[in-house]
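The values are calculated or read from the model by the stated rules, or taken from the named source; none is laboratory data. This is a predicted model, so every value here is computed, not measured. Methodologically, a virtual Cβ is constructed for each residue, glycine included, from the backbone with ideal geometry; neighbour enumeration extends over all protein chains shown. When the accessible area is computed, the model is the full protein with side chains, heavy atoms only, and any ligands, DNA or RNA have been set aside. Shrake-Rupley method; radii C 1.70, N 1.55, O 1.52, S 1.80 Å.
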Amino acid sequence: MIKLFLLSLFFSVNVVFGQKIIWKEDQKLTWDNFKSPVNSRNRPDVAAYTSCGWEYSVVKSTNPKAPVTIVIKTVFTENKSWKDVSQINDYVLLHEQKHFDIAELFVRKMRKAVAENIRNSGDYNRVFNGIYNKISSEYKNFQTAYDKETAHGLNKEKQAEYNAVIAKELEYLKSYKAS
């Protein structure tokens, strides 16, 4: 009975506070996924905003030699993502999809660093925050550079360059995609 209640509570919270989409190679964003009515950036030159990043869960022990399980997922948050319907098109959607793909790229980098450095609860306690902070910083810098260099997708040549780099890096790290 308690499990059923908690499951119902989880689904109710998801409905009230917004849907999250987990990144999948064969599932692309659509404009219907951008559910926030608010242009939170107050910039008329920005056609859309993609709220994405990652979530992680950890199961560990107080015994430093005990195994640890870390699950990291790339997420898109629909109720925090918005679009200016007067400016949207398929090209803008591709630019926004690449923001989500960049998040997946850095999640794969984090999974790789975790796989290479964390074997047990003691390793987690010693190194996880450093890995997380380093990759989070690199992620934010990459997202900022992406928007700046592509002029939010308006520079089609730079956009094409980034599309190729993102695809190449995702392919390179394919062994770290979620199973």
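Tyr56 to Asn89: FRET efficiency via 1/(1 + (r/R0)^6), r the Cβ-Cβ distance, R0 30 Å, to the nearest 0.05? Given R0 = 30 Å and the Cβ-Cβ separation, E is 0.30.
At a 1.4 Å probe, what is the % contribution of carbon and sulfur to the accessible area of the chain? Kindly include the intermediate steps, with their values, before the conclusion.
Values: 6300 of 11140 Å².
Heavy-atom surface of the chain belonging to carbon and sulfur, 1.4 Å probe: 57 percent.
Centroid-to-centroid, using Cα positions, region 84-111 and region 144-179 are 9 Å apart. Computed over the chain with a Gaussian network model linking Cα atoms closer than 10 Å, the most mobile of Ser81, Ser36, Ser61 is Ser61.
Relative contact order (percent) for the chain, with alpha-carbon contacts under 8 angstrom and 6 or more residues of separation?
Numbers: 219 pairs, mean separation 40.2, N = 179.
It rounds to 22 percent for the chain.
Report note on the peptides 102-109, 65-72: ranked by the mean count of other C-beta atoms within 10 Å, highest first, their order is 102-109, 65-72. To the nearest ten degrees, helix 156-172 and the longest principal axis of the Cα atoms of the chain are 20 degrees apart.
Rounded to the nearest whole Hz, the Karplus-based 3J(HN,Hα) values (6.51 cos²θ - 1.76 cosθ + 1.60, θ = phi - 60°) of region 58-68 follow the sequence 9, 10, 9, 10, 6, 7, x, 8, 6, x, 10, with x at glycine and proline. Please give the helix 121-150 orientation as an angle from the longest Cα principal axis of the chain, in degrees from 0 to 90, rounded to the nearest 10. Taking the Cα atoms of the chain, the angle to 121-150 is about 10 degrees.
Accessible area ranking (1.4 Å probe, heavy atoms, ligands and nucleic acids excluded), largest first, for Val85, Val165: Val85, Val165.
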